[in-house]
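Structure first, then comments.
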Amino acid sequence: MLNFSPGKCPRCYILNQSKLKDLVSTPLRNIAGVPVILPEMTSLRMSDGVELAVRLWKGKSGLPVVLYLHGIEGHSQWFENTASVLNQKGITVYAPDRRGAGLNPRDRGNLSSYKTYLGDLEMIIRKLAFDFVGHPIVLIGNCWGAKAASVITQKDYKPVASGEINLPIAGLALTSPAIFTKIDFGASTKMQIAYTSFLGGDNASHRKWPIPLEVNMFTDNPTFQGYLKRDPLRLTEATASFFVESYKLGKLAKKLMLISRHLCSFCKVARIKLSMSKNCSHGLPKRARKPKTYVSFQSRITVWTLMLTGLRSIPMSWLSGFWPDNLW
């Protein structure tokens, strides 16, 4: 059994026969025409001993492996419907919950350093490269997760862990990337967060502020709005340290994206951006009564995952109508 600071945080999952059992999350409503494949619940220990919960959909040998990075409020379960579509095509999906988020209650809503997060991703990618030798790895960065995804795939990326590392990433897809955003805190709140983080000491840096997002910014589908409101794993507040480190990571991502937008050689992998503002957002259907458009998005993800890895055996019927809105 995994223990997380007894008395201070809830136990969100248990370890039984090397598999995790989710104890608290609300079931995600499936989409019409999309059979849901339930993931295997597992965990991965980071270099500092922190255990990260992982949802794993095992695919077929030789086909791509997708590493999914969720957004600021979300967790890996939000990707369950799309992961099911990918997995039906034989693609493996590895979806960890970020430390302090989802099924990981230790230091909930906190991030001591953005480099810690990048270090976690390096370890995860190493594991995938070891466990799935010869499988192309595609990184999908959703919303806030797009920041780290765009940084770690740069051609000149320097790992935060000791020693040299060649991250075997074949492709990168950014969905609703929160790199250039309009939603933000006011000037006064920013000053309070900065003061608390830099001058308030360790205890003050763990003071939490509400994340300035509402469920209607994710979707206007009443069913999924209800899911978000009921979701006990949704992160609605974060520490001053988290917001400061998020700013640092975002600033780095912006700089790199502005450069590589014009000089693609700066990025070592093929990249796409899928804009979902019209019909779906954050991996959830945006519009009510639009199941076909959401299935279309899932098909886009499937097709582009295969195309980014250079596989040629793609049925032409998959490609019809499934091209992304923007190709970088």
Reported set for the stretch 23-59 where residues are under 23 Å from Gly90 (Cα atoms), among the aliphatic types (A, V, I, L, M) and assigned to a loop (DSSP other than H, G, I, E, B) is Leu28, Ile31, Ala32, Val34, Val36, Ile37, Leu38
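Quick one: would you say Leu38 is closer than 24 Å to Leu118 by Cβ and either surrounded by fewer than 11 Cβ atoms within 10 Å (Cβ to Cβ) or at pLDDT 80 or above (or both)? Break it down into steps so the answer makes sense when it comes.
Numbers: closer than 24 Å to Leu118 by Cβ: no; either surrounded by fewer than 11 Cβ atoms within 10 Å (Cβ to Cβ) or at pLDDT 80 or above (or both): yes.
Criteria not met by Leu38.
Of the residues that make up the stretch 207-222, is at least one of a type in the set (Val, Ile, Thr), within 20 Å of Trp78 (Cβ to Cβ) and modelled with pLDDT of 85 or more?
Kept after step one, since they are of a type in the set (Val, Ile, Thr), are these residues of the stretch 207-222: 211, 215, 219.
Within this subset, residues satisfying the condition of being within 20 Å of Trp78 (Cβ to Cβ) are 211, 215, 219.
If we keep only those that are modelled with pLDDT of 85 or more too, we end up with 211, 215.
The answer is yes; a qualifying residue exists.
Suppose we keep only residues that are among the acidic types (Asp, Glu) and at pLDDT below 95 within the stretch 76-126. Which one would you say is nearest to Ala148 (Cα to Cα)? Give the derivation first.
Taking the stretch 76-126 and keeping what is among the acidic types (Asp, Glu), we get 80, 97, 107, 120, 122.
Then keep just the ones that are at pLDDT below 95; that gives 80, 107, 122.
Details: Glu80: 21, Asp107: 20, Glu122: 11 Å.
Step by step, filter the stretch 76-126, then rank; the result is Glu122.
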Looking at Arg98, Arg108, which is the one that is of a type in the set (Lys, Arg) and without any contact (Cβ under 8 Å) to a residue 60 or more places away in the chain?
-> Arg98
Quick one: count up the residues across the stretch 201-236 that are within 30 Å of Tyr157 (Cα to Cα) and touching a strand residue (DSSP E or B) at 6+ places or on another chain (Cβ under 9 Å).
-> 3
Residue ID - surrounded by the fewest Cβ atoms within 10 Å (Cβ to Cβ), chosen from residues in the stretch 78-111 that are of a type in the set (Val, Ile, Thr) and under 19 Å from Ala53 (Cβ atoms) | Thr92
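Just to be sure I understand, how many residues within the stretch 60-97 are assigned to a strand (DSSP E or B) and in contact with a helix residue (DSSP H, G or I) (Cβ under 8 Å, 6 or more places away or on another chain)?
First, the residues of the stretch 60-97 that are assigned to a strand (DSSP E or B): 65-69, 92-96.
After this cut, where a residue has to be in contact with a helix residue (DSSP H, G or I) (Cβ under 8 Å, 6 or more places away or on another chain) as well, the list is 65-69, 93-96.
Matching residues across the stretch 60-97 total 9.
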Within the stretch 232-249, how many residues are in contact with a Ser or Thr (Cβ under 8 Å, 6 or more places away or on another chain) and part of a helix (DSSP H, G or I)?
-> 5
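The values are calculated or read from the model by the stated rules, or taken from the named source; none is laboratory data. Bear in mind that the values here come from a model prediction, so they are computed numbers and not experimental data. So basically every Cβ, Gly included, is an ideal-geometry build from the backbone, and we count neighbours across all protein chains shown.
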